[in-house]
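Colleague: Okay, handing you the structure first.
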Amino acid sequence: VSVDNDPGQGPADAPITIICFSDYQCPFCKRVEPTVKDVLAKYPGKVRYVFRDYPLSFHQFAQKAGEAAGCADEQGKFWEMHEKLFANNTALAIDNLKQYAKDIGANVEQFNQCLDGGKRAQEVTDDMNAGSAVGVTGTPAFFINGRFINGAVPLEQFTEVIDEELARAEAKKSMPAMGKKDTKKKG
């Protein structure tokens, strides 16, 4: 599962990468947001969290909300918009999105041109296609170092997989290098 060029939090070289396919209008996606924050707080420096869009077809505002987050990202305000969209996920009409851009201090003219022109539409579609290609059919869908977790699961379920992946990474580091011959001269 690729991180593509999507927004992320945490170090790029973290031993754990969580890729989330999500929909801003999805109530389950909104419900899992505090859990994601708890995961990042529990594993500082060890987790990279990447957000990818997966607007469900029956959520009429999800596509444009994803585009709005992308337009905000162009101004370095992705996470501010991300939080605003989930906080208001039952009010995602175009006028609302434009107001949220103003609320987070984005350059409104630039944001409106981006949103109205559909500049980020293909990026949202590409994320959705990438999710479908790896078996995503609903949201939220998480991949922790490639391991699939479906739905708004509790912190304990994330912790179990992350701890297993951290142990696996640690075991790999402590393994002797295989296939390397001792090249030191004796004597």
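Colleague: Kindly evaluate Q25 against the criterion of being over 15 Å from R120 (Cβ atoms) and in contact with a His (Cβ under 7 Å, 6 or more places away or on another chain).
Modeller: It is true that Q25 is over 15 Å from R120 (Cβ atoms) and in contact with a His (Cβ under 7 Å, 6 or more places away or on another chain).
Colleague: I would also like to ask the following. Among the residues of segment 130-147, is any assigned to a loop (DSSP other than H, G, I, E, B), loosely packed, with under 14 Cβ neighbours inside 10 Å, in contact (Cβ under 8 Å) with a residue 40 or more places away in the chain and more than 17 Å from the chain's Cα centre (by Cα)?
Modeller: No, segment 130-147 has no match at all.
Colleague: On to the next question. Sort out which residues of segment 9-42 are surrounded by fewer than 20 Cβ atoms within 10 Å (Cβ to Cβ) and either free of Cβ contacts under 8 Å to residues at least 12 places away in the same chain or over 20 Å from M81 (Cα atoms) (or both), and write them in order of number.
Modeller: P11, A12, D13, A14, P15, P34, K37, A41, K42 - these are the residues of segment 9-42 that are surrounded by fewer than 20 Cβ atoms within 10 Å (Cβ to Cβ) and either free of Cβ contacts under 8 Å to residues at least 12 places away in the same chain or over 20 Å from M81 (Cα atoms) (or both).
Colleague: Return the residues of segment 56-66 that are free of Cβ contacts under 8 Å to residues at least 60 places away in the same chain and open to solvent by 10 Å² or more (accessible area, probe 1.4 Å); say none if nothing qualifies.
Modeller: S57, F58, H59, Q60, F61, K64
Colleague: Now a separate question. Here are the criteria: (1) outside any loop (DSSP other than H, G, I, E, B); (2) touching a Gly at 6+ places or on another chain (Cβ under 8 Å). Tell me which single one Y24 does not satisfy.
Modeller: (1)
Colleague: Considering (1) under 16 Å from Q157 (Cα atoms); (2) assigned to a helix (DSSP H, G or I), say which one I18 fails and leave the rest.
Modeller: Failed condition: (2).
Colleague: Can you say whether R52 is in a strand (DSSP E or B), of a type in the set (K, R) and in contact with a Ser or Thr (Cβ under 6 Å, 6 or more places away or on another chain), as far as the supplied structure shows?
Modeller: No: the conditions fail for R52.
Colleague: Identify the residue in segment 148-159 that is surrounded by 14 or more Cβ atoms within 10 Å (Cβ to Cβ) and assigned to a helix (DSSP H, G or I) and, among all such residues, is nearest to the chain's Cα centre (by Cα).
Modeller: F158
The values are calculated or read from the model by the stated rules, or taken from the named source; none is laboratory data. Being a predicted model, the structure only gives us computed values, none of them experimental. Reconstructed Cβ throughout: ideal geometry from the backbone, glycine too, with neighbour counts over all protein chains shown. With ligands, DNA and RNA removed, areas are computed over all heavy atoms of the protein, side chains included. Shrake-Rupley method; radii C 1.70, N 1.55, O 1.52, S 1.80 Å.
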